[in-house]
1. Does Val580 satisfy the condition of being of a type in the set (Val, Ile, Thr), touching a Cys at 6+ places or on another chain (Cβ under 8 Å) and in contact (Cβ under 8 Å) with a residue 60 or more places away in the chain?
2. Please identify the pairs in which a residue from the stretch 632-655 that is within 18 Å of Glu588 (Cα to Cα) has its Cβ atom under 6 Å from the Cβ atom of a residue that is surrounded by 15 or more Cβ atoms within 10 Å (Cβ to Cβ) and among the β-branched types (Val, Ile, Thr), counting only partners at least 6 apart or on another chain.
3. Mind checking which strands (runs of 3 or more DSSP E) fall wholly inside the stretch 301-414 and carry at least 3 residues that are crowded, with 19+ Cβ neighbours inside 10 Å?
4. Taking into account only those residues within the stretch 511-527 that are outside any helix (DSSP H, G or I) and modelled with pLDDT under 85, which is surrounded by the most Cβ atoms within 10 Å (Cβ to Cβ)?
5. Starting from the stretch 253-282, take each residue that is free of Cβ contacts under 8 Å to residues at least 60 places away in the same chain and list its partners that are charged (D, E, K, R) and open to solvent by 10 Å² or more (accessible area, probe 1.4 Å), counting only C-beta distances under 6 angstrom and pairs at least six apart or across chains.
6. Within the stretch 487-510, which residues are part of a helix (DSSP H, G or I) and either touching a helix residue (DSSP H, G or I) at 6+ places or on another chain (Cβ under 8 Å) or more than 20 Å from Tyr558 (Cα to Cα) (or both)?
7. Pairs please, first residue from the stretch 136-165 and farther than 30 Å from Lys349 by Cβ, second anywhere and assigned to a helix (DSSP H, G or I) and of a type in the set (D, E, K, R), Cβ atoms under 8 Å, 6+ apart in sequence or on different chains.
8. Going by the conditions given, is Val179 at pLDDT 80 or above and within 21 Å of Leu330 (Cβ to Cβ)?
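The values are calculated or read from the model by the stated rules, or taken from the named source; none is laboratory data. What you are looking at is a predicted structure, and each value in this text was computed from that prediction instead of being measured. Here the Cβ is made from the backbone with ideal geometry for all residues, glycine too, and neighbour counts use every protein chain on show. Protein only, heavy atoms only, side chains kept; ligands, DNA and RNA dropped before computing areas. Shrake-Rupley method; radii C 1.70, N 1.55, O 1.52, S 1.80 Å.
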Amino acid sequence: MSKATRRRKSTKGNREVNQSSGVPVSKLARQYKLASRELIAILRDHGVQVKNEQSTLDPDTVALVESELAVDPNAENTSAESIENDADTSANTTDGLQITEGVTVAALAESLGLQPSALIMRLMKLRVMANINQRLDYDTLVMLGEHLNFQVIKERTLEEDLLTDPPDPPDSLQPRAPVVTIMGHVDHGKTSLLDSIRQSNVSESEAGNITQHIGAYHVTLETGSVVFLDTPGHAAFTAMRARGAQVTDIVVLIVAADDGVMPQTVEAISHAKAAKVPIVVAINKVDVPGARPDYIRQQLSEHDLMPEEWGGQTICVETSATEGTGIDTLLEMLLLEAALLELKANRNKSARGVVIEAEVDKERGAVATVLVQSGTLRVGDSFVSGRYSGKVRAMIDDHGKRMREVGPSRPVEILGFTGVPEAGDRFYAVDSDRDARTISEARQDQYRTEKLGANSHVSLENLFQQIQEGEIKELNVVLKGDVQGSVQAVASSLLDLSTAEVKINIIHQAVGGITETDILLASASDAIVVGFNVHPTTEAVQAKETEGIDVRTYNVIYNLISYIRSAMEGLLDPEVREVVIGRAEVRELFRVPRLGLVAGSYVNWGRISYNQPLRVLRDNRLIHEGKVNSLRRFKDNVNEVQANYECGIGIETFDDLKVGDVLECYVHEQVARSLS
């Protein structure tokens, strides 16, 4: 009997003995007549980490070790080296083989013409532990493909199959209305100008006559149709303005002729340029005394918006929203610019769009304003948007009219969402309600996984970080708002208030009124509750009184930001300042029993106070710092001595005074700090 045959028989016997779980490394090493450190080295070469010879190995690892050490290393065709040679031979015969993601180890070994044990050994060398029935992911297959010369086909998900659109055939494209976003600084007349175009008055319903969230409006003109997006002009709504620029074809930049280019105007220019969309400038309020249109053009040229009148390419139209001046010219220029862009879309397919705004209505549930960008959306269509799905129960346009179907470049309010989507989420109509629910569930699972990952158990890394940031204080906030876009924008603005010393932490943000649950969350998290255009329920008011939670509601964002800023400033450590309150000159020295050396002094400025810090200056150099432990006028103890009076001053633990020394008395004052 050959040596290799005897080794195989002994291996078979060993395998039967080792089927029980937990074989020590030392025992397995003795079976193969190896030193424990040699076996540990072999295990580590194959990606199995063991601490010492007393460590135990599971049955799969034992089986793999036995397949590695089954025969004499010099034996042919039966050694581990022959397995590697088999794998190399297989690599030469699998050129062009395609493997689909998710294949099991057994099926892959069969396709490659390998023994499963050989493939498992390959995986171990790649630091991947897998059993024969385990499915391999895409990344693992790619690593194996580099060694075994096969191609990996990534399995398409249901979302990729249904929501990935091929390019539209040119003959299927039809002209569509342009989407125009109105941008500009606060109070420059954006909504008023849109009112003049729509012949309506939206601004009356806005708190403080400032637009608080995006409105989408479809306007039919004599020469065509235009969709307008009215973005808020306040600097806090930067995120909302950015969303407007992402879905727009043309930007109308409103600049007040009597005010000029302001910070939000520059911000709007930056967003429009980043979106790579043409800009049409409307110089508004030209009827106001002090209007300077030419000065506005000069300011615009400094931001690379050279007017056409000055040889540039930027269209500038002088308008007056109140008198209606220049409105027709502005619309004509918009349609001309849209004609040059050749805007087209395919109507004959499932609808695709973007969520402009979303909110929770007490009577209708979750409602979202959606701008359809391509395809046709009909009542009854199933859809998915963000993490939520649904079926279109009703569609209402900006005039309150119910629609049965809408095409590209039409904003509508849609009822039928299972939840409130994020403003800016993509909207997809799908054929099957089941497919929509499946995609929605997958996205929600992914979202939950990400949230759990972000709030996972403490690791050494973030524990050390928390210890390092022990001096950093946090202001916890529960934020509720009327619509999703406003909540997002306010949250972004509040996070921008964070400093190195005080961090703002929004523990919960959602759409809807302030409920009892919000109060309980704030109580458990030591948070404040802020509502924007919403108010607490009766139960929430009662819980607020019981728990002692600070609840504030606002309908103008200026006041909300100011309140949060004040709350954060209250968490800052006060600044300690030194304030000199008086000086005295030493003119005579006396020794008094039980008091020691007393300086007969003359207060030449301010006052000297008892029990306050005091420093001794000699030739304008600091000699000593101490405290006034005795202060007398003649034989009486006093609390302070004003200027131009003589007194006796005793200094704690110091008697090296000289005539002519200056005694400077000071106090430490705490000054409230503000966010810089």
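1. Yes, satisfied.
2. Within 6 Å, the pairs are Val641/Val603; Val641/Ile608; Ala643/Val603; Tyr645/Val603; Cys647/Val641; Gly648/Val598; Gly650/Val598.
3. In the stretch 301-414, 315-318, 352-361, 365-374, 382-385, 388-396 are the strands (runs of 3 or more DSSP E) which contain 3 or more residues that are crowded, with 19+ Cβ neighbours inside 10 Å.
4. Start the filter on the stretch 511-527 by keeping residues that are outside any helix (DSSP H, G or I), which leaves 511-515, 526-527.
So of that shortlist, the ones also modelled with pLDDT under 85 come out as 526-527.
Details: Asp526: 11, Ala527: 23.
Only one residue fits best here, namely Ala527.
5. These pairs meet every condition: Asp258/Lys285.
6. Scanning the stretch 487-510 gives Gln488, Ala489, Val490, Ser492, Ser493, Leu494.
7. These pairs meet every condition: Leu144/Arg122; His147/Arg122; Leu148/Arg122.
8. yes
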